[in-house]
Amino acid sequence: MSNSAFNPFEMAQAQFDKVADILDLDSGLRELLRNPIREYHFSIPIRMDDGTHKVFQGFRVQHNDARGPCKGGIRFHPQETIDTVKALATWMTWKCAVVDIPLGGGKGGVICDPHNLSMYEQEQICRGWVRQLVRNVGPLQDVPAPDVMTSSQHMLWMLDEYEKITGGKFPGFITGKPVGMGGSLGRTEATGFGVIYTVREALKELEINPKNTTAAVQGFGNVAQYAIRLYNQMGGKVVCVSSWDQNDQVGYTFKKESGIDLDELLGITDRFGGIEKDKAENLGYEVLDGDDWIKQDVDILLPCALENQITGETAKLISKKVKLIAEGANGPTTPEADKIIEERNIFMIPDFLANAGGVTCSYFEQVQCNMNYYWEKDEVLGKLDV
Ligand code: NAD
């Protein structure tokens, strides 16, 4: 998504081939698991607010459903590609298997930029996406969820369209809904908190007290914000975060050596996780290049933005002080960078474990919806931490 030469699906297949060789997997199984079982491409025509019509390209990929209905988010992004969606669906299959929940891997997307769309236009895209797929998704087939630039509001529009067409109440059709409309308490926090649960366990392995650690974070959206919240509660200090600047069309890193103030930064952040540069400067943040988060002298790196961020090139910039990387984002590290990180003996928590808190809590939401029974937040987050 971030670089036209980079193909995330080829990267996912290379990762798979490496492990398939180690496992000496037979050729039939290898062929099956290298590719999605189903892939849908479709057009979503909508009427824009100015009366004109526009057609958006939508996708859904079901990588594998051997372990249960497919599960995975829907991204709205201007650079979305089918290969990104295929890679993300593949990683979802692995992720559900690693945390041992009875679900398969799916992912969806629409090529669009919600920054430039009204809420009504986004609603039309959500409803159009469901209309195109209504026979191929559902609580027993494939259960979508939010991802980059989609939220609980988008999920609610999609659920409403699904229920209108099918004529029943199926809150288990989609997860990440607003609490009070079938959403689960704890889902919003789940991915970021899950990242830090894995960081906490890795630090125990490394015999490092979290209170003595510092971190640099890429991204300031759902995953990053809650990861920072829990990491701060554990006593860790985040010295910088980076985010995408929609006006300048570049990323920036916001640094405060004494530690960033999460709530202060949230006050100057839009709903897409973009931090207002001028206001950050006024609050005393140093504004650096987007890639500078990776160069910081910290103990922990938390890539929580997008894929293809730690590459063969940028991995060389990682400080000698870094001991641990936890992949909050999906696919942030390329195989070339993996090699460098391994050689440098940096402890790596891969995405399909580090960010599995999101899908685990989505599974809890599905279970609650399908049983018409709701759990308290502590119960949900307690189960997540088990
Ligand atoms: P989000 O849209 O809420 O936030 C994305 C953040 O990344 C924003 O702050 C944005 O400004 C920043 N960003 C984008 N491009 C950037 C760049 N080039 N440089 C610096 N910052 C940049 O998305 P999210 O839900 O937090 O998801 C982030 C990652 O985590 C994605 O890879 C997603 O697939 C993965 N993930 C999300 C969930 C979830 O539950 N939300 C679950 C599992 C995995």
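The values are calculated or read from the model by the stated rules, or taken from the named source; none is laboratory data. Computed from a predicted model, the values in this text were never measured in an experiment. No Cβ is skipped: glycine too gets one built from the backbone with ideal geometry, and neighbour counts run over all protein chains shown. Surface accessibility is based on the protein's heavy atoms, side chains included, excluding ligands, DNA and RNA. Shrake-Rupley method; radii C 1.70, N 1.55, O 1.52, S 1.80 Å.
Things to note:
- So Ala202, is it at pLDDT 95 or above and in contact with a helix residue (DSSP H, G or I) (Cβ under 6 Å, 6 or more places away or on another chain): no
- Selected residue (only one of Tyr252, Tyr226 is out of contact with any Leu (no Cβ under 8 Å at 6 or more places or on another chain), within 15 Å of the ligand (Cβ to nearest atom) and of a type outside the set (A, V, I, L, M, F, W, C)): Tyr226
- A Cβ distance below 8 Å, combined with a sequence gap of six or more or placement on separate chains, defines the contacts here; from segment 55-75, residues that are of a type in the set (A, V, I, L, M) reach residues that are within 14 Å of the ligand (Cβ to nearest atom) and assigned to a loop (DSSP other than H, G, I, E, B) in the pairs Ile74/Asp147; Ile74/Thr150.
- Residue check: Gly73 meets all listed conditions (1) small (Gly, Ala, Ser); (2) open to solvent by less than 50 Å² (accessible area, probe 1.4 Å); (3) more than 17 Å from the chain's Cα centre (by Cα) but one, namely (3).
- Residues that are within 17 Å of Arg38 (Cβ to Cβ), of a type in the set (D, E, K, R) and touching a strand residue (DSSP E or B) at 6+ places or on another chain (Cβ under 6 Å), drawn from segment 97-150: Lys107, Asp142
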